[in-house]
Amino acid sequence: MIPGVSLIEILTVSTLMFFIGVYGFLTRKNLITILMSLELMLNGAAINFVAFNKYLYPGQPNGQLFALFLIAVAACEVALAIAIVINLYRKIKAVDVEQVNTLKH
Amino acid sequence: MNMLLLLLIIPALTVGGLLFSNGKRLPRMVAAVGMSLQFAAACYLVLAYLQERAAGNTAEMLFTSSYEWFKYLNIRFDLGVDGVSVSLILLTAIVTLAGVFISWRVEDLAKEFFVSLILLATGVFGFFISIDLFSMFLFYELAVIPMYLLIGIWGSGPREYAAMKLTLMLMAGSAFLLVGLLGLYFYSANAADQHTFNLLEIARGGIPIEAQRLFFPLTFVGFGVLGALFPFHTWSPDGHASAPTAVSMLHAGVLMKLGGYGCFRVAIFLMPEAAAEMSWFFIILTGSCVIYAATHAILQTDLKYINAYSSVSHCGLVLFAILMLNETALTGAVLQMISHGLMTALFFALIGMLYERTHTRIVQEMGGLLKVLPFISAVYVIAGLASLGLPGLSGFVAELSIFVGAFEHPDVFHRVWTILAVSAIVVTAVYILRVVGVMLMGPIKEPAYAALPGAFWYEKTGALLLILPIVGMGLLPLWLADMIQFSLIPLLRALGVG
Amino acid sequence: MEKIIFYILSAVILSLSLMSVLSRKLLRSAVYLFGVLTAIAGFYFLIGYHFLGAVQLTVYAGGIVVLIIFSILLTHEIDHQMPTPEWSRVAVAGALCVAGAVMFIQLLQGSLFSRVEVPEQSDLNTLGNTLLNPGGGGYLLPFEVVSILLLAVMIGAIVIAKQRHSVDNSSQEKQAP
Amino acid sequence: MKWDDLLLMRHELQLLAVILIVTCAEIYLSGRDKSRIIPLSLALFGIHMAAGWLWPAEGELFGGMYRTNGLIHLMKNILDVGVLIVLLQTGGWARKQLVPENRASEFFLLIWSSLLGMYYMVSAGDLLMVFLGLELSTLPVAALAAYEVLKMRSAEAGIKFILTAGLASAVTLMGISLLYGSTGTFVLADLGKQMQGNSLEALGFLFFFAGIAFKISLVPFHFWTPDVYEGAPISVAAYLSVISKGAAVFILMILLMGFAPLLTDLWVNVLYLLAILTMTIGNLFALRQRNLKRLLAYSAVAQAGFIMLGFMSSQQDGKASIVYFMLVYLFSNLAAFGVVQTIELHTGKEDMSDYEGLYRTNPRLSLVMLLALFSLAGIPPLAGFFGKFFLFMTVASAGYYLLLTIAVINTVISLYYYLLIVRAMFLRKSDNPLPLVTSDGWMRAGLVICVAGIVVLGVASGVYDAIYALCAHL
């Protein structure tokens, strides 16, 4: 517990961060920036786990461990996504959504 | 083993045999043999049925047996027949066999043609022998879907459009039907307090009236689409006009009867109260159908369209009669189904034969055919006379019973509609006689017609198969009517008029 | 004191994430993201989860962001300027996110959170024991699953990224498991 | 840990063994013998699949992290059958395309690790395991979608898939964090007990559900489906449309029907709406498609809507209808994908117009396709009819007759576009039809299994009855 800081304040920060990430995901065109927006969303969720763990259920380190696993999974995701992006770049020399939209709707 | 299963096994074996018969001639032989056997089985069934009744068996359904299928949902395969289904099975066997003979000359993908045709027939047989809603529905859909390929591959004219329209409309009908059937299932309860699909058990347990009000229209319209219920009949003229001959025969002659049969076996029998309440609305629909289709038939110049509209009109009459909810009219309805089945199949067969020779179906382009094609023309005249209800032929008995039955209702509403429907008969006479006059009488229009070949043996066989029962029914209607009337007793009891 | 640090961290987190999402320069965006992740690590330290904070710093800030910057450098010129997104898109996304955030926060404020009063267990010992305990409340199985996940992703990344032109060439480059 | 405990985790351990053996084989086989990887992998996986049906057991491991019972066993076996068919259908492509590039074994390894993730997911006793299983089942597939590295649109499919997957997992995590905040536990069994049904839990579950809905491709979370299906290698699209969707449906079923009864009122309404949206929108979009892969993608979306109908009742019949439909759908859809794949592999054609007159040159393939499409449309006596019928029965048993009506209308719409393909194959004649395509033995085996499934599964009622009995306890 951080003296003087209530749970709801932390949750507000994490929620705002999550939705900033959503905004980025929706408006960005560059694949790498979309990926970065995803990271913001994931971190928002991670803060939630930690805050709940610390403030409400300190008996077990559950939330903390979940955040740890989350970080590992996020690393996997980014690594794979970047491999694909670089492969894509080798094909078309661009990483923007528009240029990556040859599949017709 | 139940005798009725034979009616499914023979077509199944025939289809199996067809799959292994290649070439142009072998498939038709296999199909003919198979369907002859089926015809024999149907005749035997009629005899066995009559014997059983003569021996004093008064059960609602004879030859019943029940096979467990999905045990947890209490879905069973229940078989059984009464007089109505027996006569319709015989009709189906006759028309199918005639259809095989009429399609003797199909050479493009002959194997596939006969497979689809017999699959269709299998669906119809299965429908008539089942007495539970699940297998009825299953066979109903099984009968509809081969139509798509039959019309689409071997049809003529705008065949793709007609096939798609027909299939989708019939499937939409069956979709509504499905809702109705599931509703019946979940409001039913048998002796062991389970939900059931069995017709007799549902009838015994009864369906609450609120549920009836909801599901009667769904079920009636669902079956009615196949029975050319106005305004859902529009698939019929296009479909019949584009279909190959044998398919038109089977479809108009047999498949459309599924609609009428389903309406009274399921919709009316299981939900009599709602039927009595709502019949007025459907009487208006079917009555208008009779008149509308008959007047449309006059306007047509294409033989197939004339006959298709005439079919719609006659099938409308069947539904009209069923909705009268009394014994005479119902008997008439069943007689009309059989009579129309034979007659319309015969018509389509003859139209097919004429088309093969003259390469036209427009009435005005033909003329004087009686002189060059005596057999075909003579049969055409007989079919026409049966169609307009000449005494001594099948149509007369059927239509007379319907109108007498309909007139039994004392109120103005029923009587007005009956008179309107009777007037359609006059219209029928107009178009039939006009066609006969223009097409068969008079001078020969085209010199080329003089050299047309007469009917081949297989065509004669097909036509005779259909014409003999027409004459037979006209001369001896009583045993058939008796058989039907006796089977209507449970239904009438449910309606409270027996 | 902690309160002030928390507010500073929050301000840093929020402003940098916003800038990271809005910036038109790709590389700057990544640097802002780095700032956000570091600030979050700071927050973990503040709350007393030192191990998690360290992991956040090394894996996230040190690993992932480096990977991202690496890929940016590989695929873009340094001063690459991204076009601004269209108005309609910004408006719709903005409205959606603001509405979502407001609803979310209101819901959170309205919820009654009841604290379970038990002694806190967050030292490294408990953490390690829980992580590798095969019995009740232990996280051994997830640990194994994550290791499989890492392996699978590694295979995937290598297969996609490795160059191949002909058979002979690739059999020498072969390095998958 | 005792021997019996190992038996409980049999599926996972077997699959790990298969993975290890193939990895070793990959190391020891030299360049020229690499093509032997394919028969080896298929044989090993076949054995694994067959062994999976033996000794169903029930129990928990790792302090409740891992649980299994008869139904979960069955789910894994269904997934196994599907993967086996997918792999059989991949055989020819792998030999032709992957072996020369020396990437065949990795393809198998990735599919298997994804399958392993699904095993863990359906066996999960804890939200962490659900999440990890979800990720493990998704991420390798992203690599698979981008597998045809030389094709632009494959890379495109890969990136689209991994970005949507990332979004889905972020949303899922947010949901899980809220559930944790409200209940203080990740253990599924406790979760159900701790829930109070407040709005926070509802929101958390909604977010969590959204993450899974991505995988099932429910509208409005379906937008990635057609692009990824079109761009990815066909067998991967088939895998996505059947296996990955199936696993997600199973876990949703376990969570909703097994653990979270308090949420019932909420999720029934949500699923009601989503089912309608998914069926209708999937079908309407499918009507416009002329590329068969895209058409099948939208058809898969629509089918997902039908699956949702089974969730209308959490009684035994609802569960049984879902599991049964998944099994039936697996055979039907894989048959359709198999035919499309065969033709694409040999001729490179995948448009509906290319299929005109196919029956005249390729009668067998056309018949398989006909059966598959009719089964998807729900025409008796094929298995698809029974699958749909039982789903409809579930809806009717819960009394949702309006939903039922919408659903049956949707079957008619779907029939229309399936018939368009039939029209192209059977009704049309083409001046230059596709030449006779001879599929390889693997593909043929795969298609034969599919056809057998389509024809037999429905009429043979024992299958459904067995599933129904297993659904008694979740």
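The values are calculated or read from the model by the stated rules, or taken from the named source; none is laboratory data. What you see is a predicted model; the values in this text were computed from it and never measured. Backbone-built Cβ (ideal geometry, glycine too); neighbour counts: all protein chains shown. Note: accessible area is taken over every heavy atom of the protein model, side chains too, but ligands, DNA and RNA are not part of it. Shrake-Rupley method; radii C 1.70, N 1.55, O 1.52, S 1.80 Å.
If the condition is being within 23 Å of D:Arg95 (Cβ to Cβ), surrounded by 18 or more Cβ atoms within 10 Å (Cβ to Cβ) and polar (S, T, N, Q), then segment D:334-375 contributes D:Gln341, D:Thr342, D:Asn362.
Among residues of segment D:441-464 being modelled with pLDDT under 90 and surrounded by fewer than 18 Cβ atoms within 10 Å (Cβ to Cβ), the one that is farthest from D:Gly70 (Cα to Cα) is D:Gly441. Answer with yes or no whether C:Arg28 is of a type in the set (Lys, Arg) and over 20 Å from the mean Cα position of the chain (by Cα). Here the answer is no, as C:Arg28 does not meet what is asked. With the structure loaded, tell me whether D:Tyr272 is out of contact with any Gly (no Cβ under 8 Å at 6 or more places or on another chain) and hydroxyl-bearing (Ser, Thr, Tyr) or whether it fails that test. Here the answer is yes, as D:Tyr272 does meet what is asked.
Within segment D:122-132, how many residues turn out to be part of a helix (DSSP H, G or I), more than 7 Å from chain C (Cβ to nearest Cβ) and touching a residue at least 60 places away in the same chain (Cβ under 8 Å)?
In the first step, residues of segment D:122-132 are kept if they are part of a helix (DSSP H, G or I); the result is D:122, D:127-132.
Filter once more, keeping what is more than 7 Å from chain C (Cβ to nearest Cβ): D:122, D:127, D:130-131.
After this cut, where a residue has to be touching a residue at least 60 places away in the same chain (Cβ under 8 Å) as well, the list is D:122, D:127, D:130.
Summing the residues that are part of a helix (DSSP H, G or I), more than 7 Å from chain C (Cβ to nearest Cβ) and touching a residue at least 60 places away in the same chain (Cβ under 8 Å) in segment D:122-132 gives 3.
For segment D:140-161, check the following and say yes or no: at least one residue is in contact with a Ser or Thr (Cβ under 8 Å, 6 or more places away or on another chain), more than 7 Å from every other protein chain (Cβ to nearest Cβ), open to solvent by 10 Å² or more (accessible area, probe 1.4 Å) and within 23 Å of D:Val99 (Cβ to Cβ). Looking through segment D:140-161, at least one residue is in contact with a Ser or Thr (Cβ under 8 Å, 6 or more places away or on another chain), more than 7 Å from every other protein chain (Cβ to nearest Cβ), open to solvent by 10 Å² or more (accessible area, probe 1.4 Å) and within 23 Å of D:Val99 (Cβ to Cβ). What about C:Ile68, is it of a type outside the set (Asp, Glu), modelled with pLDDT of 90 or more and either within 30 Å of A:Arg90 (Cβ to Cβ) or under 22 Å from the mean Cα position of the chain (by Cα) (or both)? Judged against the criteria, C:Ile68 is a match. Condition test on C:Gly156, is it surrounded by fewer than 17 Cβ atoms within 10 Å (Cβ to Cβ), within 11 Å of chain D (Cβ to nearest Cβ), touching a helix residue (DSSP H, G or I) at 6+ places or on another chain (Cβ under 8 Å) and of a type in the set (Gly, Ala, Ser)? So C:Gly156 does not fit the description; no.
The conditions of being open to solvent by less than 10 Å² (accessible area, probe 1.4 Å), at pLDDT 90 or above, within 26 Å of B:Leu178 (Cβ to Cβ) and in a helix (DSSP H, G or I) are not met by B:Phe264.
Residues that are touching a Lys or Arg at 6+ places or on another chain (Cβ under 7 Å), surrounded by 13 or more Cβ atoms within 10 Å (Cβ to Cβ) and facing another protein chain (nearest Cβ under 7 Å): does segment C:84-91 have at least one? Steps first, please.
Pass one, segment C:84-91, residues touching a Lys or Arg at 6+ places or on another chain (Cβ under 7 Å): C:84-85.
Subset that is surrounded by 13 or more Cβ atoms within 10 Å (Cβ to Cβ): C:85.
Pick out the ones that are also facing another protein chain (nearest Cβ under 7 Å) and you get C:85.
Scanning segment C:84-91 turns up at least one residue that is touching a Lys or Arg at 6+ places or on another chain (Cβ under 7 Å), surrounded by 13 or more Cβ atoms within 10 Å (Cβ to Cβ) and facing another protein chain (nearest Cβ under 7 Å).
Among the residues of segment C:102-130, the ones that are open to solvent by less than 70 Å² (accessible area, probe 1.4 Å), of a type in the set (A, V, I, L, M) and either at positive phi or within 12 Å of chain D (Cβ to nearest Cβ) (or both) come to 5 in all. Residues in segment B:155-166 that are open to solvent by 10 Å² or more (accessible area, probe 1.4 Å) and facing another protein chain (nearest Cβ under 10 Å): B:Gly155, B:Arg159, B:Glu160, B:Met164. Of the listed requirements (1) assigned to a helix (DSSP H, G or I); (2) more than 9 Å from every other protein chain (Cβ to nearest Cβ); (3) more than 22 Å from the chain's Cα centre (by Cα); (4) not hydroxyl-bearing (Ser, Thr, Tyr), C:Ala54 misses just one: (3).
If the condition is being among the β-branched types (Val, Ile, Thr) and free of Cβ contacts under 8 Å to residues at least 60 places away in the same chain, then segment B:211-245 contributes B:Thr219, B:Val221, B:Val225.
Scanning segment C:131-153 for residues that are more than 7 Å from chain D (Cβ to nearest Cβ) and either open to solvent by 40 Å² or more (accessible area, probe 1.4 Å) or touching a Gly at 6+ places or on another chain (Cβ under 6 Å) (or both) yields C:Leu132, C:Asn133, C:Phe143, C:Glu144, C:Ser147, C:Leu150, C:Leu151. All conditions but one from (1) over 16 Å from the mean Cα position of the chain (by Cα); (2) not in a helix (DSSP H, G or I) apply to D:Leu203; the one that does not is (2). Among the residues making up segment B:334-392, those that are under 22 Å from B:Ser242 (Cβ atoms) and not in a helix (DSSP H, G or I) are B:His359, B:Thr360, B:Arg361, B:Ile362, B:Met366. When D:Arg67 is tested against (1) in contact (Cβ under 8 Å) with a residue 12 or more places away in the chain; (2) within 14 Å of another protein chain (Cβ to nearest Cβ); (3) open to solvent by 10 Å² or more (accessible area, probe 1.4 Å); (4) under 20 Å from D:Lys34 (Cβ atoms), exactly one condition is not met: (4).
Does B:Phe137 satisfy the criteria of being part of a helix (DSSP H, G or I), within 30 Å of D:Asp317 (Cβ to Cβ), of a type outside the set (Asp, Glu) and open to solvent by 20 Å² or more (accessible area, probe 1.4 Å)?
Details: part of a helix (DSSP H, G or I): yes; within 30 Å of D:Asp317 (Cβ to Cβ): yes; of a type outside the set (Asp, Glu): yes; open to solvent by 20 Å² or more (accessible area, probe 1.4 Å): no.
So B:Phe137 fails the test.
Only one of the numbered conditions (1) in contact (Cβ under 8 Å) with a residue 24 or more places away in the chain; (2) open to solvent by 70 Å² or more (accessible area, probe 1.4 Å); (3) farther than 14 Å from B:Lys111 by Cα is violated by B:Lys24, and that is (3). Answer yes or no as to whether C:Ile69 is more than 7 Å from every other protein chain (Cβ to nearest Cβ) and open to solvent by less than 60 Å² (accessible area, probe 1.4 Å). Here the answer is yes, as C:Ile69 does meet what is asked. For A:Asn53, the criteria (1) more than 7 Å from every other protein chain (Cβ to nearest Cβ); (2) open to solvent by 10 Å² or more (accessible area, probe 1.4 Å) hold in every case but one, which is (2). When each of B:Pro443, B:Pro453, B:Pro410 is tested for being within 30 Å of B:Val397 (Cα to Cα) and in a loop (DSSP other than H, G, I, E, B), the lone residue that passes is B:Pro410.
Look through segment B:170-197, keep the residues that are surrounded by 19 or more Cβ atoms within 10 Å (Cβ to Cβ) and more than 19 Å from B:Phe216 (Cβ to Cβ), and return whichever of them is farthest from the other protein chains (Cβ to nearest Cβ). Residue satisfying both the conditions and the ranking: B:Leu170. Under the condition of being open to solvent by 50 Å² or more (accessible area, probe 1.4 Å), assigned to a helix (DSSP H, G or I) and free of Cβ contacts under 8 Å to residues at least 60 places away in the same chain, the residues counted in segment D:3-32 number 11.
When D:Trp93, D:Trp112 are checked against the criterion of being part of a helix (DSSP H, G or I), of a type in the set (A, V, I, L, M, F, W, C) and open to solvent by 10 Å² or more (accessible area, probe 1.4 Å), D:Trp93 stands alone in meeting it. Of the residues making up segment B:47-58, those that are surrounded by fewer than 17 Cβ atoms within 10 Å (Cβ to Cβ) and in contact with a helix residue (DSSP H, G or I) (Cβ under 8 Å, 6 or more places away or on another chain) are B:Ala48, B:Leu50.
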